[in-house]
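First up is the structure itself, then whatever we jot down about it.
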Amino acid sequence: MIDEARTFFTELMETPSPSGYEQPVQKVIRKWSTTHGAEHRTDVHGNVIATINPEGRPRVLLDGHCDQIGLIVQYIDENGFLRILPVGGWDTQILLGQRVTVWADSGPIVGVIARKAPHLLKTEERKKVPEVTDLWVDVGAKSQEEIAEVVSIGDPVTVALGFHSMRNGLLCGPKMDDTTGLFSVFDVLRRLSGKKFEAGLYAVSAVQEEIGLRGAKTAAHGIDPDVGIAVDVTHATDCPTIDKNISGDVKLGGGPVIFRGPNINPVVFRMLVDLAEANGVPYQLSGANRGTSNDANALQMTRSGVATGCLGIPNRYMHSPVEMVAEADLDATAELMALFVENLTADVDFTP
């Protein structure tokens, strides 16, 4: 990444965005879009839609969802402990021992999720996988009255944000899902700034993917695109215990995964592969044997149908505080999408 892009990525990674609470990160997206010559608007759902050449044809929608999995405060007990509910899909075992932040209107409040020390656990407790309802956030409060002055029911909670650079160009931290896809989509604006192309480009920072692909549905309906590409993370399988017979062979640093299957328009698939090969962009392939679990599913079924593609950024340890990606895959993903937009012409036919 060049310095400007790295600063943008870092800001995205350090800004909270649980589903339904994406407003802080959308401010970052709007600032970046303006800097790189795009018009933007925010719809009533909270999606930010940045546009370059809106009168162009075909209309191409690039989608990266901005929301992350998180937690929400449901109850404050008499001792000041916060009881929580999940926002999105968590493995509750991973939450034990995590530092968290409660994003209250009064300001961020540091807390922890833990349970009694292993010395005090009974044998049956050691064997039990806890439910989220068994957990609590401890912010160091002495009473309900004390903490209720600064924390409200419904306040969002995230694990401690930020990321670390690791060996061989790898990056590790929470909310790589889908900050990596969001970054790649909006880095296309930088790569295409000042260039001429026929297509009308709509870059969407979509909300609420983690709770049902909700933002992509409303954004795509409003834009009515001819073609759309959803960019999300996908499971890297280059670590122990993953069955490649089921999940395929996906490596960190191997380039974006181009999906193929019934959710994917075959013309869009072939264009992405041909552009990658012609321009030396590394890529990997994966089969999607049904509707995908990401925004590509919603895009394909919008209105009378959208020619849909799906790119996946390889990610180890998805939905955890230690998600791991390769920096090179983010660059390759953004470059492939920029090439796709540049090479679209008004007479393109996506009919299979």
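So the values come out like this:
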item: Taking 2, 223, 49, 246 and counting other C-beta atoms within 10 Å, the order from fewest to most; result: 246, 2, 49, 223
item: Highest to lowest packing among 197-205, 38-46, scored as the average C-beta count within 10 Å; result: 197-205, 38-46
item: Cα centroid separation, the range 110-144 to the range 272-298 (Å); result: 42
item: The range 308-317 - phi-based ³J(HN,Hα) in whole Hz, Karplus 6.51/-1.76/1.60, Gly and Pro as x; result: 10, x, 9, 10, x, 8, x, 9, 7, 6
item: Gyration tensor verdict on the range 70-159 (Cα atoms; rounded if a/c is under 1.5, prolate if a/b is larger than b/c, oblate otherwise); result: prolate
item: FRET E, pair residue 239, residue 148, Förster distance 51 Å, beta-carbon r, rounded to 0.05; result: 0.75
item: Per-peptide average of other Cβ atoms within 10 Å, ordering 55-62, 271-278 highest first; result: 55-62, 271-278
item: Segments 308-314, 161-167, 90-96 sorted - mean Cβ within 10 Å per residue, highest first; result: 308-314, 90-96, 161-167
item: Folded to 0 to 90 degrees: helix 23-35 orientation relative to the chain principal axis, Cα; result: 30
item: Prolate/oblate/rounded label for the range 122-163 (Cα gyration tensor, a/c 1.5); result: oblate
item: Helix 266-278 axis, angle to the chain major axis (alpha carbon atoms, nearest 10°); result: 80
item: Charged-residue dipole, Cβ positions (Lys, Arg, Asp, Glu), the range 70-159 about Cα centre, Debye nearest 20; result: 520
item: Anisotropy class of the range 153-231 from Cα gyration tensor, a/c 1.5 cut; result: oblate
item: Relative contact order for the range 70-159, counting Cα pairs under 8 Å that sit 6 or more residues apart, in percent; result: 46
item: Built amide H within the under 5 Å cut-off of residue 20, gap 5+; result: 208
item: Expected 222 nm ellipticity per residue - DSSP helices of 4 or more, -39500 (n - 2.57), all of the chain, to 500; result: -8500 deg cm²/dmol
item: Helix axis angle, 327-343 relative to the chain longest principal axis, alpha carbon, degrees; result: 40
item: Cβ-placed point charges (K, R +1; D, E -1), dipole of the chain about Cα centre in debye, nearest 20; result: 400
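All of the numbers you see were taken from the coordinates with simple rules; none came from a lab. None of the values given here were measured: they were computed from a predicted structure. Positions of Cβ are generated from backbone atoms using ideal geometry, with glycine treated the same way; all protein chains shown enter the neighbour counts.
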